[in-house]
Amino acid sequence: MTISITRAMILAAGKGVRMRPLTNDKPKALVPVAGRPLIAHAIDRLKSAGVKQIVVNVHSFADQLIGFLEGVKDVEIIISDERGGLLDTGGALLKALPHFRGEPFFTHNCDTIWAESFSNSLERMKQRWDPVRMDGLMLLAPMVRALGYDGRGDFDMGPEGELSRREEQRVAPFVWMGVQIVHPRLFEEAPGGAFSTNVLWDRAIEAGRLYGLRLDGTWMHVGSPDGLAEAEAFIRTLDVRR
């Protein structure tokens, strides 16, 4: 049975260091890709999956980003202000947790876009979500379908979608795209202040409660000018479903 997930968070507070010089005068979330700001792609993806409320954290050039978000229609935007200090991924989600009212929610990095093949990946994630077995469900790109990514992969995936970390000195077949469903219980006993979600993922893996779903399409990691150029070249070759 497909569950309803109506809330999400877009992580948009990064300094955009790897995207310079494009981020010398704007936040990374407002860097255009195919004529539209990165964050607009993320918002449209979430809206297409039935999300009605999105928390967005802000830091660098926060006023610019807030100004853009004030013009977004058909979804409620809540600002999580980190101008006083960055909280990293885990700390940012923990700060926003009260907005999700104890229910599962999407998280979406602002610098990730993808082209679907045949199906809506976020809808597939909702269909796959099992609140009994899972604390987190990640959307994973096969390494062979990952543009703008030059790492060694992140995860191995078992037959039921269960995840394990890449072993040192080897390449893993899947990379996390920056999109997931998480249950608030993932944050039980989380550290305070700034911390990475890696702390929570490792604990969930150990408990057998972190799962993955393979992307049916091509992922574009737009984290640097080179990644942006690759993404735009690829987008020109097809009609990207947004």
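Observations, loosely collected:
- For the chain, the direction-averaged projected area of the alpha-carbon convex hull comes to 12.7 nm².
- Förster radius 35 Å - calculated FRET efficiency between Thr2 and Ile79, Cβ distance, rounded to 0.05: 0.75
- Magnitude of the charge dipole, the range 113-242, Cβ model with Lys/Arg +1 and Asp/Glu -1, debye to 20: 280
- Placing +1 on the Cβ of every Lys and Arg and -1 on the Cβ of every Asp and Glu, with no other charges, gives the chain a dipole of roughly 340 debye about its Cα centre.
- Candidates Glu123, Glu189, Glu70, ranked by Gaussian network fluctuation over the chain, Cα under 10 Å, top entry: Glu189
- Förster-model FRET efficiency, 22 Å R0, Leu238 and Asp150, C-beta, rounded to 0.05: 0.45
- For the range 104-152, a crude dipole built from +1 on the beta carbon of Lys and Arg and -1 on the beta carbon of Asp and Glu, taken about the Cα centre, is about 160 debye to the nearest 20.
- The slack between Ala190 and Asp25, meaning 0.36 nm per residue of separation minus the straight C-alpha distance, is 55.9 nm.
- Nitroxide proxy distance, nm - points 7 Å out along Cα→Cβ at Val72 and Arg101: 1.8
Since every read-out is calculated from the coordinates, none of them should be taken as a lab result. Being a predicted model, the structure only gives us computed values, none of them experimental. Neighbour counts are summed over all protein chains in view; Cβ atoms, including those assigned to glycine, are modelled from backbone coordinates with ideal geometry.
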